[in-house]
1. Just need a number here: residues in region 378-403 that are open to solvent by less than 20 Å² (accessible area, probe 1.4 Å), touching a Leu at 6+ places or on another chain (Cβ under 8 Å) and not charged (D, E, K, R).
2. Kindly list the number of the only condition in (1) within 14 Å of Leu605 (Cβ to Cβ); (2) in contact with a His (Cβ under 8 Å, 6 or more places away or on another chain) that fails for Val321.
3. Here are the criteria: (1) open to solvent by 20 Å² or more (accessible area, probe 1.4 Å); (2) modelled with pLDDT under 75; (3) assigned to a helix (DSSP H, G or I). Tell me which single one Ala135 does not satisfy.
4. Is at least one residue of region 736-749 part of a strand (DSSP E or B) and either within 19 Å of Asn789 (Cβ to Cβ) or at pLDDT 85 or above (or both)?
5. List the number of the failed condition for Ala622; all other conditions in (1) buried (at least 24 other Cβ atoms within 10 Å of the Cβ); (2) among the small types (Gly, Ala, Ser); (3) not in a helix (DSSP H, G or I) hold.
6. What are the residues in region 644-662 that are in contact (Cβ under 8 Å) with a residue 24 or more places away in the chain and open to solvent by 50 Å² or more (accessible area, probe 1.4 Å), if any?
7. Looking at region 414-426, can you tell me whether even one residue there is surrounded by 14 or more Cβ atoms within 10 Å (Cβ to Cβ), in contact with a strand residue (DSSP E or B) (Cβ under 7 Å, 6 or more places away or on another chain) and outside any loop (DSSP other than H, G, I, E, B)?
Amino acid sequence: MLAHRILSPLKNHVRRHTKKLFWLLPPLFIIALFMLANWCFPLPKTRLHPPPSPIVLDRNGQWLRAFLADDGMWRIAVSHQPSAVSETATNRSSEGFREPRAESHSLLLHQAILTSEDRWFYYHYGINPVSIATALYDNLKAGEVVRGGSTITMQLARLMEPKARNISNKLIEAFRALQLEHTYSKSEILTFYFNMLPYGGNIVGTAAASRFYFNKPQHALSLGEAALLAAIPNAPERLRPDRFPENARKAREKVLNRLLARGQISKQQWQEASQEPIPKTRYPLPFKAPHLSRMLVKDAAPTTDGRIYTTIDMKVQETAVRILREYLGKPSLQGSHSAGTGAIVVMDTQSREVLAMVGSHDFFDQRASGQINGTLASRSPGSALKPFVYALAMEQGLITPETLLFDVPVSYAGYEPVNYDGKYNGYVTARQALARSLNVPAVNLNARLKNITLPTFLKQAGISTLAPDRKYGLSMVLGGCEVNLLELTTLYAGLANMGEFKPYQIVVSGQQSAVSSQQSENPLAESRWLKAKGYSQRLLRAETSFIITEMLTTSQRPANAVKSLEVFESTINLPKIAWKTGTSYGHRDAWCIGYSPTLTIGVWLGNFDGRGAPMLSGTDTATPILFALFSALTGQDTHRWFIKPEQLKTRKVCALSGAPVSPHCPTHKSDVYIPGISPVATCAIHKRIYVDETTGHSLCSHCRNFSTDNAHPQIFEEWPAEAATWLTKNGFAVPVLPEHNPLCTGPIAGNAPIILSPADNTTYYIRTGVPLDNQKIQLSASVSNRTQNLFWFLDGELIFKGKAGEEYWLTPVKGQHILTCVDADGRSASRPLHISMIR
């Protein structure tokens, strides 16, 4: 009895829970069956992410250009959440960029699609049995298919795996719908659905349809436009508005009627939406910065939605394109005597962000090869590299702005540079030489550089177009190498940042890691994106950069820089900028690079086929465009300029030599210098020389020990041997110094002669069959103005004596010889002379 009382409640408890477990078995079995099927037939998630159309945007989120997806479709991604916020209202980052985000669909479109396709979307788990039963009843009643029972999730399953419409495939869609609901949120499912809806032809997704049919992003759609986009996917080809506008209008009306019947819009809204026009054509997508866009799509790593956010400013880009086209369209520049195209880079000076990249004046100009990106084309820079030779010379203590440089004929192992106009100026200051872009002084400075040479500096500064195994000669400073406009503009931006060199930036920094880590088969592309990491390095002192900047502002602005473009006709004062031109050999390339604290701009004009043009020069053709750009982009804002470094000092220098004044300099002027770096040797041209009043001979210190009664000091100009002879021969006022005391037996001070010809390290050949009188070798040398008489010796035998300016021609004799030149005071210079026969 006691056992019965104890076991009876226990049996009842087990019986009740057994019944509950029995009712749980079917759903548990279904769940287990689903999990097994889900494991056996996993959801093909990759099909939910078809390739997006790459889209290149400017720094403000404006479209520059879009490209077809890899499968040939126009497909633009949308974000997970619907948004009623305008694109133009998005926040900007601290760097000035619009915050990157995917385009979002509007609430109107969201409402229209849910109402017309699946109003219970947020309440079912992928399958709506009531909707299926209702659709089955209506179809049986009508005797044809008049409506479907598929949910949005089931439709997404069909879009993910297109199949014929039959019962078995419907079951598969239902299973995939359960998998989708199990894996993703409702918001994500709706996003996939919006991205994959067909809209006729190769338009896929609501975002692409909104752009092509209404020329606007989704958030800006009106009610009528949203209703049309909700209707088209039901029969994408038959309802295409550009082909069947009446079909599209009727389909839109059905969606609007449903919205009205559900009370989601008012009668007035229905009427207004019904009267909206049906688009009868596709709108073209934006086609801005085509060279840049194509380059980025090819080489850069876009975000997952296919978007590439750039630093380009569309307004700056369009201004640059307009000015370039206006200039090249001038009648005076038409024909084969001038440039066929051009390129422009506009860069933010401080950040090195590229604000505009114009690859050519017309992307579709086949005759000018307009699809070539001129900003990346390797070309000869002409004289555009000269400022950096002067900067390196200052860094190495060779010059200051007022240092005297000689501009006379010179030979470096047979290389004889000449100026652009074929003339020589004798002597100029470093400031004048750079402002006038003289070739000979620049080559002479380049030859004097030690430690860090021009090629070394350029490679350190990021010029990637230099051949690693090539030995560049002295002509490099005159254009004997290749650079591209983008890197050259970046190089000048380093000067503008007072010697701090940093790579350019084209894409928004949020994408830099993806871009820089991408492995590219294109070395140029790889180096380009590696540059985008943003490292910086100081290669020049701030004092040096400031001096060069000031020197570049003194360049004479050509008159046509004011008159060549209409933009200048109303301009009184051109903006203050530092600028430099360049013209390559054969007039193939014209360059002009300029900078201010705000912008750095590079301009190139030429022909992509390498053809030269007689009228093509940096000063006459590229400079007007540069000043037009600065005027248009910055106006006459000259209030901001570079701040003079505190370490930069001013000192008095000789008015003639530019060296620190000596007690013998008659006049002086001011010059800036860098303490501890700039040369400190005093003027060597003005010298005090003792002259014997009786004989008129000059007396050295050795002479004066024996004759002091009649010796009186006088100040003379003693010009160096490298220039004195040429200066005298060409009419410069070079005084003749008194002849040295012939009775002096002491050592003679002063400069030895400099042999100009024959060239050093050169082999001369005797050609058989040609008279020796036609193969003579010129002997010439330059001496200081202390002496004028020269004596030439060949293998120790005197062969000629005469004035320094006299010419003598040596009849060649085969063999290894030693040639010696001695001046009247016994100072000498020797050179080996190798003469061989041509066999």
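1. Residues in region 378-403 being open to solvent by less than 20 Å² (accessible area, probe 1.4 Å), touching a Leu at 6+ places or on another chain (Cβ under 8 Å) and not charged (D, E, K, R): 13 in total.
2. Here Val321 clears every test but (1).
3. Exception for Ala135: condition (1).
4. Looking for residues that are part of a strand (DSSP E or B) and either within 19 Å of Asn789 (Cβ to Cβ) or at pLDDT 85 or above (or both), one finds at least one in region 736-749, hence yes.
5. It is condition (3) that Ala622 fails.
6. Once the filter is applied, which keeps residues that are in contact (Cβ under 8 Å) with a residue 24 or more places away in the chain and open to solvent by 50 Å² or more (accessible area, probe 1.4 Å), region 644-662 yields Lys644, Gln647, Lys649.
7. yes
Matching residues to (1) of a type outside the set (Phe, Trp, Tyr); (2) free of Cβ contacts under 8 Å to residues at least 12 places away in the same chain:
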| site | (1), (2) |
| --- | --- |
| Ala721 | yes, no |
| Leu727 | yes, no |
| Gly731 | yes, yes |
| His740 | yes, no |
| Ala749 | yes, no |
| Ile754 | yes, no |
| Thr762 | yes, no |
| Gln778 | yes, no |
| Phe800 | no, no |
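The values are calculated or read from the model by the stated rules, or taken from the named source; none is laboratory data. Predicted model, so just to flag it, every value in this text is computed and none were measured. Positions of Cβ are backbone-derived with ideal geometry, glycine not excepted, and every protein chain shown enters the neighbour counts. Keep in mind that these areas ignore ligands, DNA and RNA; they rest on the heavy atoms of the full protein, side chains included. Shrake-Rupley method; radii C 1.70, N 1.55, O 1.52, S 1.80 Å.
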